[in-house]
There are 2 protein chains.
Amino acid sequence: MAITPGTDQPPAWGTTEVVGKALPRVDAYERVSGTAVYPLDLTLPDMLHAAIVRCPHAHARVKRVDTSRASAMPGVRAILTGESEGARLPWYPGQNGPTSLLFDPQCRYEGEEVAAVAAESIHEAREAARAIVVEYETLPFVVDPAKALEPGAPAVHEGGNRIGEVFRDARGDVKKGFAEADVVRERTYRTACQIHTPMEVHGSVVRWDGDRLTVWDSTQGVFGVRSEVAASLEMPLAKVRVIGHYMGGGFGSKLEAGKYTVIAALLAKAAGRPVKLFITREESFLCVGNRPPNSITVTAGVRKDGTLTALQWTNIGSSGAYPDGSSTGYLARDLYRCPNVLVEETDVFINAGRARAMRAPGFPQGAWALEQMMDELAEAIGMDPVAFRLKNVPDVSQVRGNMPFTSTGLARCLSDGADAFGWKAGRARPRGAGPVVRGVGVAACMWGWNGDPRATAILKFFGDGSASLTFGASDIGTGTKTVMAMVVAEELGIPLDRIALEHADTGTTPFTVGSGGSQTSLVSAPAVRSAALDVKRQILQMAAEQLKVDAVSLTLTGGEIRGGPTPLLLKDLERLQEQEVVVGVGSREPHPPGKVALPFAVHFAEVEVDTRTGEVRLLRLLGTHDSGRVMSRLTFDNQVFGGMTMGIGFGMTEARVIDRNTGRVVSANWHDYKLPTAMDVPPEMTCMPIDPHDTECNSVGSKGLGEPATIPTAAAIANAVYHATGVRVTDTPINPVQLVRLLATRRAGR
Amino acid sequence: MAITPGTDQPPAWGTTEVVGKALPRVDAYERVSGTAVYPLDLTLPDMLHAAIVRCPHAHARVKRVDTSRASAMPGVRAILTGESEGARLPWYPGQNGPTSLLFDPQCRYEGEEVAAVAAESIHEAREAARAIVVEYETLPFVVDPAKALEPGAPAVHEGGNRIGEVFRDARGDVKKGFAEADVVRERTYRTACQIHTPMEVHGSVVRWDGDRLTVWDSTQGVFGVRSEVAASLEMPLAKVRVIGHYMGGGFGSKLEAGKYTVIAALLAKAAGRPVKLFITREESFLCVGNRPPNSITVTAGVRKDGTLTALQWTNIGSSGAYPDGSSTGYLARDLYRCPNVLVEETDVFINAGRARAMRAPGFPQGAWALEQMMDELAEAIGMDPVAFRLKNVPDVSQVRGNMPFTSTGLARCLSDGADAFGWKAGRARPRGAGPVVRGVGVAACMWGWNGDPRATAILKFFGDGSASLTFGASDIGTGTKTVMAMVVAEELGIPLDRIALEHADTGTTPFTVGSGGSQTSLVSAPAVRSAALDVKRQILQMAAEQLKVDAVSLTLTGGEIRGGPTPLLLKDLERLQEQEVVVGVGSREPHPPGKVALPFAVHFAEVEVDTRTGEVRLLRLLGTHDSGRVMSRLTFDNQVFGGMTMGIGFGMTEARVIDRNTGRVVSANWHDYKLPTAMDVPPEMTCMPIDPHDTECNSVGSKGLGEPATIPTAAAIANAVYHATGVRVTDTPINPVQLVRLLATRRAGR
């Protein structure tokens, strides 16, 4: 049979028995007991450990690599440099534009790979790496995106620092729009570079079996990693097996293959031994991606009645030393009804680590600017910020030729959220005389991607009523395994503890797209449901033959087939017992034509600011989310709270700091790079799903949650800080250093 | 879609491009380089090692087990006895009749399990096992099947030593048949107990992940082991994962779960650590099965013209201490046309290790008796043994209501084989005056089982034209992986080195029956072919849509779609490249109704006997086999030579020797139990497939080979020894000790 997108979409669920409940994770025991084996925990017999030598300069040319001392050191089994046999491989960062080599003689940022060592222990490997002598010719560098565009700036690549063409998207006529406006405001917002620094650092364990390579990778998408590793090593896809059973966070930085994986494979081949190569925490701040820094100038026009007339958006961002993208304009183009929009975005090279997709790429930066501007406009026309947003809620996607949404919960997110949060009371409350003042803020968002519908699932249903589900998606900590098991339980009435799961292994599971872009549930769950329906159809057909009734009159519930003359237990279903197993296969149906399914969210924040110290205390956060059906209430809350916490980091604590004099990252560790901790989350953090049971988006009704959960948080906090202090914080992070300066400036009346 | 036996059978292959060729194993590199990880090689982090305490008596009752000293020994982490929490489990030998406990207080044979220990090292585990003090009450025992039937014999189980009813199968009237005969002969033949002693001993590595058990087992059938382990531990099937990627031989003894697996699981649970439990070589001679000893009295009548008129068969065999079966009469009932047949078989308990299926259960014993009797009859009527057999070749299965065979190559095995072997010349050659004499002998056989047709295969075909095949069967060393890859290569035109294989893992592969009974190729290959056809159908459908032609006009050859306006490369097949993968699913079609597909074989032997020492030198062996299509000529030869070598062991060297005074096995090691070695195989060992391209048996035309390869060897050698010496050796093994005695008796004219 054909396992291809395009199968008929089964009818959407009405009410559900299992799906939506707050059930514990199916792998909770493994996760909390420590028996879950993450790639970082994996040990193979005879395994070597590897370390990478990285360039300490922002920009330099490698003149000589002397491995003589290192190769004589104890335990050393293999060393690779750009000159090594088979190591002169091109490297594709998965984007157009200039590519580089696996070990590129021109190092364009601090941390670029120069050599690697495999040894019996990680200590011997690192010792040997330190003993490799590299002679560099340092080159002039640039680390500031604006400076990078100035004439005569050091060139990161030949052909100047502008990456591709300026992205330009226009609708209507902004000039006309500004002319029609009662109020026009313009302001520039800046966001610092945020770094993915997941609990589990990036790395792989690799083993060769003859001509077959097995990779245990800490990844969000085994099939994507397989394609890139196979391409780099020029191997058939079928001969590269990538396994990613557990992984300790990625946030977008683990959707593609890392150089470390290919380097590990080459070391393993050279040494004839399995190799484990995980980067250090410090390395992770340099070379595995980031949310690019942006500088966004927004000009907006509005009528007194609250109608948006024009939005102009000029963004300069930097992908870093290699192209990735730093666009931020999506929300300006699609979140609110606006006839005249002009977005211009410029991406530039600098001598710093390359950006990678990071939870809602571009969107938190966009919300930071747009949602503060919305606040400013509302104030200018004397309108409540929630009411102002409600006035401009769209019912079609303006960037998709006004294609209607399958469902739009934005208005309910705003109004229901405002009621639940006590918005009116919060706004009305005087900020107080100080020194400690209070305020509330709001910010809205949508997410702009409805998923790649390619997914296949295989379900084996056994004679004792237990089942084994095989699907390709990674569970990146979001509870995917639990949600997929719940879908099977829903359709077949099997208790969760009788469902075994095999997932995220290119050798044993069918193809599924990577777990990113908030698409995992909405892509994989329909495929799993369709596999379960395939099993059910076969079981009921068998029962119908045995009972000599029509299959349509039968139902499968709790291991019992009902609807016949008498209930039939599975153990009495002769054909099933004879066969021992029924195998069902399902695939995701394509997106509904003519409509787009996208999630929406609104975050409300209440803060307390100490005007003497510039310290901001978060008192409350509420997230209202339209993600379609809630698949599991527990994982739903986990996602929202995790996303909010990341938003707190983006808005208040995190920043990659590069020393302009040396071009080196001075915040490349968890002491200097401030991740929010349990001390930084508000005592009251709640979430409220707006659950319209979207019956059109797909057969399970889910629209995705991971991304929206982090988009508006920082902007909501900034708006609350403004409400509390009257100070508009345009640059992230909102830390005491900056706020104290802004408060002083304001007191000085400047 | 339904993955159930019953899909339409595709047309049988005509000539093939890949299938049938002598291609090297797809896993040859791993096997010869030692990188293949057999369960015995497997090491898991934190793994404990275990040892079993076994009863040293043939029959005893356990009175007390004192583990106090053992539990205090270094490295000991868990100890189990029959009294341990959760260890009082019933044990099912997979047969009807009396069952026992996992640790049964009544030990019915030397080697029965009494206790077990898990410790940090295998040495500490064995030390501790030795330190467990067991107090036994020894009981009277019986180890001779005939004595076991005598009144007053010690009872192995309550209710006497006869196992079930005497098996009786009669057709026609033997009395009448004997009356019609010109010659009637009667003789009793005895076969010693042969022990499976595979290169890799029996054992498992087990690990618990929460409530899920993973078992790496040295097994022939992961699904069978799963069912038995799940039943013993009362777990859902889906929560027991059995993996059997490589295994070092089983010959029938690894088709079921061993107590060692369940014991390992209980120890792992008690210790909270993975456990490795492999029995020792010495233990393997006591407790993992054997080919039961048989005593067969054959009475046969024949007319001068060579027509068989009657066959009477009386067999006494012993399953050992637990029921398994010791029948030998199949060949007497079905190999030759005979109107009057009476078979009576008695199975008895003795205090010895239980029999298990061993390569062609009962058939080598049956051939030993029947084929020597055929020789004796031929001589009595002055007819050539080959001509005599040819005269009685059947064209229907007499035990299946005269159901016709899909193909019968027996006649060609006899006649073509005789020509190839130089039979006439060999028979004509005078045996010589001695002391060294020569002779030739022949023996024929069939196999009586055409397989359990339940198999499903899943094939993933990737955009780069490589493929990944998933099937459930174990490759027990016979080249199953290679054969399945060849089937994919045949249908899709993919080179073998672009096909990856995942097999024998209940967690990741679809259900397939165990690799035993010569059924693996004929059950799994059609399922794999059907999966490949499913992929091909989808690919051609995609191409037809893109090329706007009818799919039936297209073919897929060498990564290219031909038959359209221009050849279409896979990389240009848009839908495939967009999807990245096509998943095909296939299942084995049921057996053709109204016919039976069974393999036949004839072995020819030439020997040289030193009449002074009784030493027999094998000069030549030729195996002629009708197994339908030869799937791979290399694996075909491997199977036949391996089977012949096992036949040499059965006929000439192997015997379990039990001391009648102690009831203990005195040949429980490779010093005293003589396996044939390279020194014992003839300088000339050849095989010749009779390849009738059976187009009815199934969609690949294969009828199975593993079993027939070992059935007639010993009988052919015995007949050659008779031809050389005039001495009829009725008991296995034909060793110098016995032969010298028989020659002396003959010289003395007794």
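Could you check segment B:428-462 and list, in sequence order, the residues that are within 14 Å of another protein chain (Cβ to nearest Cβ) and either open to solvent by less than 10 Å² (accessible area, probe 1.4 Å) or part of a strand (DSSP E or B) (or both)? Those that are within 14 Å of another protein chain (Cβ to nearest Cβ) and either open to solvent by less than 10 Å² (accessible area, probe 1.4 Å) or part of a strand (DSSP E or B) (or both): B:ALA455, B:THR456, B:ALA457, B:ILE458, B:LEU459, B:LYS460, B:PHE461, B:PHE462. Sub-8 Å Cβ pairs linking a first residue in segment B:577-589 that is closer than 9 Å to B:ASP534 by Cα and more than 7 Å from chain A (Cβ to nearest Cβ) to a second residue that is open to solvent by 10 Å² or more (accessible area, probe 1.4 Å) and part of a loop (DSSP other than H, G, I, E, B), at least 6 apart or interchain, are B:GLY586/B:THR7, ordered by first then second residue.
Test of understanding: among A:ASP637, A:ASP672, which residue is surrounded by fewer than 24 Cβ atoms within 10 Å (Cβ to Cβ), assigned to a loop (DSSP other than H, G, I, E, B) and acidic (Asp, Glu)?
The unique qualifying residue is A:ASP672.
Working only within segment B:358-382, note down all residues that are touching an Asp or Glu at 6+ places or on another chain (Cβ under 8 Å) and open to solvent by 10 Å² or more (accessible area, probe 1.4 Å). It would help to see each step written out before you state the result.
First pass over segment B:358-382, keeping only residues touching an Asp or Glu at 6+ places or on another chain (Cβ under 8 Å): B:359-360, B:363, B:378, B:381.
If the condition is that a residue be touching an Asp or Glu at 6+ places or on another chain (Cβ under 8 Å) and open to solvent by 10 Å² or more (accessible area, probe 1.4 Å), then B:ARG359, B:PHE363, B:ILE381 are the ones that fit.
Inclusion of A:GLY203 among residues that are modelled with pLDDT under 95 and away from chain B (no Cβ under 14 Å) is not warranted. Checking each residue in segment A:690-729 for being in a helix (DSSP H, G or I) and of a type outside the set (Ser, Thr, Tyr) picks out A:PRO708, A:ALA709, A:ALA714, A:ALA715, A:ALA716, A:ILE717, A:ALA718, A:ASN719, A:ALA720, A:VAL721, A:HIS723, A:ALA724. Of all residues in segment A:292-316, those that are more than 15 Å from A:GLU376 (Cβ to Cβ) have Cβ atoms under 6 Å from Cβ atoms of residues that are in a strand (DSSP E or B) and of a type in the set (Asp, Glu), 6 or more apart or on another chain, in A:THR314/A:GLU344; A:ASN315/A:GLU345. When the criteria are applied in full, B:ARG88 meets the requirement of being surrounded by fewer than 17 Cβ atoms within 10 Å (Cβ to Cβ) and of a type outside the set (Asp, Glu).
Here A:THR566, A:THR613 are screened, and the one residue that is part of a loop (DSSP other than H, G, I, E, B), more than 14 Å from chain B (Cβ to nearest Cβ) and free of Cβ contacts under 8 Å to residues at least 12 places away in the same chain is A:THR566.
Within segment A:492-528, being polar (S, T, N, Q) and away from chain B (no Cβ under 12 Å) holds for A:SER515, A:SER518, A:GLN519, A:THR520, A:SER521, A:SER524.
Taking A:ALA531 as the residue in question, decide whether it is within 12 Å of another protein chain (Cβ to nearest Cβ), over 16 Å from A:THR555 (Cα atoms) and either open to solvent by less than 10 Å² (accessible area, probe 1.4 Å) or among the charged types (D, E, K, R) (or both). Spelling it out, A:ALA531 is indeed within 12 Å of another protein chain (Cβ to nearest Cβ), over 16 Å from A:THR555 (Cα atoms) and either open to solvent by less than 10 Å² (accessible area, probe 1.4 Å) or among the charged types (D, E, K, R) (or both). In segment A:682-714, of all residues being out of contact with any strand residue (DSSP E or B) (no Cβ under 7 Å at 6 or more places or on another chain) and under 14 Å from A:GLY642 (Cα atoms), the one that is surrounded by the most Cβ atoms within 10 Å (Cβ to Cβ) corresponds to A:ALA714.
Taking the residues in segment A:120-138 that are touching an Asp or Glu at 6+ places or on another chain (Cβ under 8 Å) and open to solvent by 50 Å² or more (accessible area, probe 1.4 Å) as candidates, determine which candidate is farthest from A:ASP659 (Cα to Cα).
It comes out as A:VAL133.
Determine, yes or no, whether B:MET644 is more than 30 Å from B:ARG108 (Cβ to Cβ), assigned to a helix (DSSP H, G or I), open to solvent by less than 60 Å² (accessible area, probe 1.4 Å) and touching a Gly at 6+ places or on another chain (Cβ under 7 Å). Answer is yes for this residue.
Just one of the listed residues (A:ALA115, A:ALA148) is in contact with a strand residue (DSSP E or B) (Cβ under 7 Å, 6 or more places away or on another chain), open to solvent by less than 10 Å² (accessible area, probe 1.4 Å) and more than 23 Å from A:THR280 (Cα to Cα), and it is A:ALA148. Here the condition is being buried (at least 19 other Cβ atoms within 10 Å of the Cβ) and of a type in the set (A, V, I, L, M, F, W, C); of A:PHE167, A:PHE141, it holds for A:PHE141 alone.
The rows are residues; the columns are (1) over 30 Å from A:GLY86 (Cβ atoms); (2) at pLDDT 95 or above; (3) over 21 Å from the mean Cα position of the chain (by Cα); (4) not hydrophobic (A, V, I, L, M, F, W, C).
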position: A:HIS245; (1), (2), (3), (4): no, no, no, yes
position: A:VAL275; (1), (2), (3), (4): no, yes, yes, no
position: A:SER284; (1), (2), (3), (4): no, yes, no, yes
position: A:SER295; (1), (2), (3), (4): yes, yes, yes, yes
position: A:GLY306; (1), (2), (3), (4): yes, yes, yes, yes
position: A:LEU311; (1), (2), (3), (4): yes, yes, yes, no
position: A:GLY317; (1), (2), (3), (4): yes, yes, no, yes
position: A:ASP324; (1), (2), (3), (4): no, no, no, yes
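Restricting segment A:21-61 to residues that are surrounded by fewer than 21 Cβ atoms within 10 Å (Cβ to Cβ) and more than 12 Å from every other protein chain (Cβ to nearest Cβ) leaves a set whose member that is farthest from A:GLU283 (Cα to Cα) is A:LYS21.
Screening the candidates B:GLN577, B:GLN541 for the property of being at pLDDT 95 or above, out of contact with any Leu (no Cβ under 7 Å at 6 or more places or on another chain) and either part of a loop (DSSP other than H, G, I, E, B) or open to solvent by 60 Å² or more (accessible area, probe 1.4 Å) (or both) yields one hit, B:GLN541.
The values are calculated or read from the model by the stated rules, or taken from the named source; none is laboratory data. Please read all numbers here as calculations on a predicted model, not as lab measurements. Heads up, the Cβs are rebuilt from the backbone with ideal geometry, glycines too, and the neighbour counts pull from every protein chain shown. Ligands, DNA and RNA are excluded from the accessible area calculation, which covers all protein heavy atoms including side chains. Shrake-Rupley method; radii C 1.70, N 1.55, O 1.52, S 1.80 Å.
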